[in-house]
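Okay, structure first, notes after.
The values are calculated or read from the model by the stated rules, or taken from the named source; none is laboratory data. Owing to the predicted nature of the structure, the values given are computational and were not obtained by experimental measurement. Here Cβ is always computed from backbone atoms with ideal geometry, including for glycine, and neighbour counts include all displayed protein chains.
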Amino acid sequence: MKLKIAIQKSGRLHEDSIKLLKECGIDINNGVNRLKTEASNFPLEVLYLRDDDIPQYVEDGVADIGIVGENVMLEKRKNALSLLPLGFGKCRLSIAVPKNSDYKDISSLEGKKIATSYPLILGDFLAKNKLNSEIHEISGSVEIAPNVGLADAICDLVSSGSTLFINNLEEKEVVLKSEAILISSDQLIPGKQQILDQLLFRIQAVKQSRKHKYILLNAPDENVERIIRLLPGMKSPTVLPLAVKGWSSIHSVVHEDDFWNIIQSLKAEGAQGILVTGIEKMIL
Ligand code: ATP
Ligand code: ZN
């Protein structure tokens, strides 16, 4: 038995999806020009699809699971479960208006025409804010709509904002923050559920490891206790005596977000020879 996963055939999520599977120790022949491939060392079949179609394929059971932007999942409203965020494909669905427009606050959108490929998410957002705006659905190149006189504003995906900038638009309201998520059918047979559980275990280990760094340093014995308080570690830091008397080596795991703050404090406590390396897998 094989679990079937749908991933984007080409586009912004393709490479990171493949990379995640690789880091989970799953070898797939990257067949860009093929519809599907099989993993050689894990019971997984990979289907390459347009991202917009993935929720439907999962609802229909053609694919068992899929990797798709949360924005797509929320817009398509298909019968599938959102399992977990994957930490890539981060973007915002935002409302933007031409730079020279007299936008003051969200109420400026009242009665205006907004072009988008996300009519349902936008509709909910407008209803929540008690606004009557006209939604104009277009499937691509939404960012040119105001310039060609098709709409007063747009609601589209933004990451760096460079597309908005090029088109003389300004981001005004964030409707949704999104990233790639793993979705699954809500009726997997037990054998497939078992494979999914193994995959989830591996994904969690990869996700954990991406958020953490392994740190090694040397410190004078009299400062070890204060340094340990700075380094939580998974249980507690490892402390080993160095060959030089009066010195110890301390090993620990730190969260990426805390990393730079901790480094400064460690140096202040006399830590030397600080080494920091990535972690490949991390099982909590
Ligand atoms: P497909 O051919 O599969 O339909 P697409 O053109 O609809 O591809 P992409 O532009 O490759 O889709 O984007 C796929 C997903 O990547 C988006 O749905 C979104 O979740 C995410 N993403 C991240 N940053 C951005 C961005 N700046 N613009 C658009 N999508 C982004
Ligand atoms: Zn698409």
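Restricting LYS99, LYS90 to those that are more than 25 Å from ASP16 (Cβ to Cβ) and out of contact with any helix residue (DSSP H, G or I) (no Cβ under 7 Å at 6 or more places or on another chain) reduces the list to LYS99. Going through (1) under 30 Å from TYR57 (Cβ atoms); (2) in contact with a Ser or Thr (Cβ under 6 Å, 6 or more places away or on another chain); (3) buried (at least 16 other Cβ atoms within 10 Å of the Cβ) one by one, LYS281 falls short only on (3). No other residue among GLU70, GLU59, GLU134, GLU110 is within 16 Å of ligand 2 (Cβ to nearest atom), among the charged types (D, E, K, R) and modelled with pLDDT of 95 or more apart from GLU70.
In the range 32-56, of all residues being over 20 Å from ALA80 (Cβ atoms) and within 16 Å of ligand 1 (Cβ to nearest atom), the one that is modelled with the highest pLDDT corresponds to LEU35. For the range 59-74, give me each residue that is touching a residue at least 12 places away in the same chain (Cβ under 8 Å) and of a type in the set (D, E, K, R). Listed by number, the residues that qualify are GLU59, ASP64, GLU70. Here is the figure for the range 136-159: residues that are in contact (Cβ under 8 Å) with a residue 24 or more places away in the chain and not in a loop (DSSP other than H, G, I, E, B) total 8. Test GLU269 against the criterion of being surrounded by 15 or more Cβ atoms within 10 Å (Cβ to Cβ), touching a residue at least 40 places away in the same chain (Cβ under 8 Å) and of a type in the set (D, E, K, R), and give yes or no. For GLU269, the condition - surrounded by 15 or more Cβ atoms within 10 Å (Cβ to Cβ), touching a residue at least 40 places away in the same chain (Cβ under 8 Å) and of a type in the set (D, E, K, R) - is met.
Considering (1) in the same structural domain as LYS113 (by TED's automatic domain parsing); (2) modelled with pLDDT of 95 or more; (3) under 30 Å from GLU23 (Cα atoms), the lone condition that ASP152 does not fulfil carries the number (3). In the set GLY25, GLY111, GLY61, GLY89, only one residue is away from ligand 1 (no atom under 15 Å from the Cβ), small (Gly, Ala, Ser) and within 20 Å of VAL175 (Cα to Cα); that residue is GLY111. Considering only the range 112-135, I want to know if a residue exists there that is buried (at least 21 other Cβ atoms within 10 Å of the Cβ), among the polar types (S, T, N, Q) and assigned to a loop (DSSP other than H, G, I, E, B). Yes, the range 112-135 has at least one match. The sole residue among GLN8, GLN56 that is over 28 Å from ASP152 (Cα atoms), without any contact (Cβ under 8 Å) to a residue 24 or more places away in the chain and not aliphatic (A, V, I, L, M) is GLN56.
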